[in-house]
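One structure is given below, encoded as structure tokens.
The values are calculated or read from the model by the stated rules, or taken from the named source; none is laboratory data. Quick caveat: nothing in here was measured; it's all calculated off a predicted structure. Here the Cβ is made from the backbone with ideal geometry for all residues, glycine too, and neighbour counts use every protein chain on show. SASA here: full protein model, heavy atoms, side chains in, ligands and nucleic acids out. Shrake-Rupley method; radii C 1.70, N 1.55, O 1.52, S 1.80 Å.
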Amino acid sequence: MNMFSALRAPREIVFGAGQRACLARIARQLGERVLVCTDARFAAEPVFAELMASLKDAGMAVEIEAGVLPDVPVQSCLASAERVRGFAPDVVVGIGGGSCIDHAKCVAILLAHGGEPQDYYGEFKVPGPVLPIIAVPTTAGTGSEVTPVAVLSDAERIMKVGISSPHIIPTAALCDPDLTASCPKSLTAIAGADALTHAIEAFSATRRVASAGMAQERVFIGKSAITDHFARLAIQTIFSSLERACTHGDDIEAREQVMLGALMAGLAFGTAGTAAAHAIQYPIGAVTHTAHGEGVACVLPYVMRFNLEADPEPLAEIGRMLGLPGSDEIALGNAAADAVARLFSAIGIPPTLEALGLPHDKLEWVGTQALGVSRLIDNNPRRIDAPAMAALLQAAYSGDRIRLQNAIA
């Protein structure tokens, strides 16, 4: 068996209700001057004021950037870095959803190395350590608190772009499920669906034959024994708790389980990587302007069925994790895809690309753009060429997963 494995993770992860109280102590260990990146909504919350007071009470100088925008426009990161350069922070804290944490990562790069965000697009372009980053998520979904990736939106390139480097993994991740309590049902659903997609794509990603130095040559290296461990826990906890967290927002146990699952999914895909569902979502998001988690979740059941022919074992194992009956791997994998589709439908994820709002005449363009996201397409367990991509997208548009299997078998 190929036992090659790797894991990239923060130096410290603290998880649990009320653990936000650790922020000042953790930050104080890293410096005396702290830049806090958040959005206008969370900056107005009483809990944010409490956290800022705790930093000041610990003797820290605090600068707040409270204008983080959704999808992190590259120019907003550059503007933030220029505004705070004179403050000379020792540590950067990202508090909020994935956009706030990704914004903090990008600003930490620019303050350490200068230039523009565009200089760091792709893998291993960050030349060295950045300012220490503390990530405090207030949603349970992106996993950015533990990953080596920051996703930005570049108006010139139409699609979102990524900066991928081990140097931008946060030094510390502080995960307090109480901070998700104010998330409305729709945000809880979209973020949780994103996390489940991370876990399933990491668990079913290609398993590469290791070469010496591969982990230093690729940020995403495919599934391994270590990433499978985290992906399993993520799939089981999210699947059993997400619908309950959406329908009963005050169920703190369900919220704890979903946030734990999102954290575990981040640890899994931060090294294993994601695959076709994420590659397809990038151009879809550019056209429909829908949430990232909504797009990847819409496509995921179709990608699962597509991948069955190449490597049924991981998807069959997901079926077993979910307690589905049967022993035939293809049947179990199909049942797993159906179960995921049912869960997503129950929490309000659109079941087709048509329902998501994608015009039919954009399918060909989406396919071409998705095939160009090679770092994700290459991570998919089944090879995808242009005809296969066209069949996959048509199935996701019409909602016919059975026809998809027949078309590409």
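So how much slack lies between D90 and R25, counting 0.36 nm per residue of separation and subtracting their Cα-Cα distance, in nm? Mind dumping the intermediate values first?
Values: separation 65, 0.36 × 65 = 23.40 nm, distance 1.44 nm.
Additional length available on full extension: 22.0 nm.
Is region 205-252 best put as rounded, prolate or oblate by its Cα gyration tensor, with a ≥ b ≥ c the root eigenvalues, rounded for a/c under 1.5, and otherwise prolate when a/b is larger than b/c, oblate when not?
Working: a/c = 4.56, a/b = 3.44, b/c = 1.33.
Prolate is the answer for region 205-252, as a/c is 1.5 or above and a/b outweighs b/c.
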Review point. Which lysines have a Cα less than 20 Å from the Cα of K160, not counting those fewer than 8 places away in the same chain?
Key: K105, K125, K362
Practice item. For S240 and M3, calculate 0.36 nm times their separation in residues minus their Cα-Cα distance, and state this gained length in nm to one decimal. Key: 82.4 nm
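If you keep only loop residues by DSSP, which GluC sites (Glu not before Pro) in region 119-168 have at most 10 other Cβ atoms within 10 Å of their Cβ?
Values: sites: E123, E145, E156; in loops: E156.
Passing sites in region 119-168 are E156.
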Exercise for review: Report the charge-dipole magnitude of region 60-181 in Debye, nearest 20, computed about the Cα centre from +1 at each Lys and Arg Cβ and -1 at each Asp and Glu Cβ.
Suggested key: 160 debye
Point to revise | Residues listed by number, region 1-24, amide nitrogen under 20 Å from D250 label point at 7 Å toward C-beta | key: 17-18
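Please calculate how many Å² of accessible area the chain carries per residue, with a 1.4 Å probe and no DNA, RNA or ligand atoms counted.
Values: 15160 Å² over 409 residues.
Per residue, the chain has 37 Å² of solvent-accessible surface.
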Exercise for review: Rounded to the nearest 0.05, what FRET efficiency do D385 and E32 give with R0 = 56 Å and r taken as the Cβ-Cβ distance? Could you check?
Suggested key: 0.55
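Using every Cα-Cα pair within the chain, state what percent have a distance larger than 39 Å. Before the final figure, lay out the partial values.
Numbers: 11248 of 83436 pairs.
Across the chain, Cα pairs with separations above 39 Å total 13 percent.
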Practice item. Report, in debye and to the nearest 20, how large the dipole of region 153-256 comes out about its Cα centre when Lys and Arg carry +1 and Asp and Glu carry -1 on their Cβ. Key: 520 debye
Exercise for review: Could you give the spread of the C-alpha atoms of region 10-54 along their three principal axes, from largest to smallest, in whole angstroms?
Suggested key: 29, 26, 18
Study note, to complete from the structure: Compactness check, region 334-409: C-alpha Rg relative to the 2.2 N^0.38 Å globular estimate gives 1.14
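Count neighbours as other Cβ atoms within 10 Å of each site's Cβ, and list the GluC sites (Glu not before Pro) in region 1-74 that are DSSP loop with at most 16 such neighbours.
Working: sites: E12, E32, E50, E63, E65; in loops: E32.
Here the GluC sites (Glu not before Pro) that fit, given the DSSP loop and packing criteria, are E32.
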